[in-house]
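Read the structure below first, then the notes.
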Amino acid sequence: MITTCTIQDLRNMGEDYTGSVVAAKRFIRRRCPHQTAIKGIDCMKEIIGPTNEFRYCVASQNQDLNKQLLDIPAIPLLTLSRDTLLLSPLSAASQAKINKAASIKLLPSADELKRLKAVTGLDLEALKEPQLPLHKRKKAKGPNPLSVKKKKPEPKLQKIPSRQKTEQFPARSRSKCTKSYS
Ligand SMILES: [Zn+2]
């Protein structure tokens, strides 16, 4: 769709843009509240508004307009590069809105807060405010236990008295062996 002010803007640019005016008239015309035509950029910004309430997707080659629209979250911007239609990357404002919505989803709802208060008796209203997690850098307490080579336990030498050893394991006599073969 296109606004009346934008078509008038194209007409004001001269005869060279007659083709653009004819092409623009093919689009559905969006009514705007301006009795006398204003600049096309200003008209579009006014219709989009601060929140893009009607979820418009903007296709414009005007760099100034595109820069200004980056500050408004959730506006897909389309630009033409030679013969290719390009979708601009996600703006910082859009990303911030996504992050905020995600953090709110993680928090308990008003109903859940009431139930928690009834059960625990604690006032958990402070949880309603989204709190950004603080990233603290962990300090190394010591070397990585997985990379440290384990100490081998020292072999324990048990001193056995010579008498006991002989008593426990009596030595075989060769004479017995020789007798069994004979
Ligand atoms: Zn207008």
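What follows draws every value from the coordinates through simple rules; no lab data is involved. Quantities reported herein were computed from a predicted structural model and do not represent experimental measurements. Using ideal geometry, Cβ is built from the backbone for each residue, glycine included, and neighbour counts are taken over all protein chains shown.
Please report, in debye to the nearest 20, how large the charge dipole of region 48-98 is about its Cα centre when each Lys and Arg carries +1 at its beta carbon and each Asp and Glu carries -1 there. Don't skip to the answer; put the middle values down first.
Numbers: 4 positive and 4 negative charges, 19 e Å.
Around 100 debye, computed over region 48-98.
Of K25/K45; K67/K105; K39/K67; K100/K138; K105/K138, which ones are farther than 22 Å apart at the Cα? Present the calculation step by step, with values, prior to reporting the outcome.
On the way: K25/K45 20 Å; K67/K105 30 Å; K39/K67 17 Å; K100/K138 26 Å; K105/K138 28 Å.
Pairs exceeding 22 Å: K67/K105; K100/K138; K105/K138.
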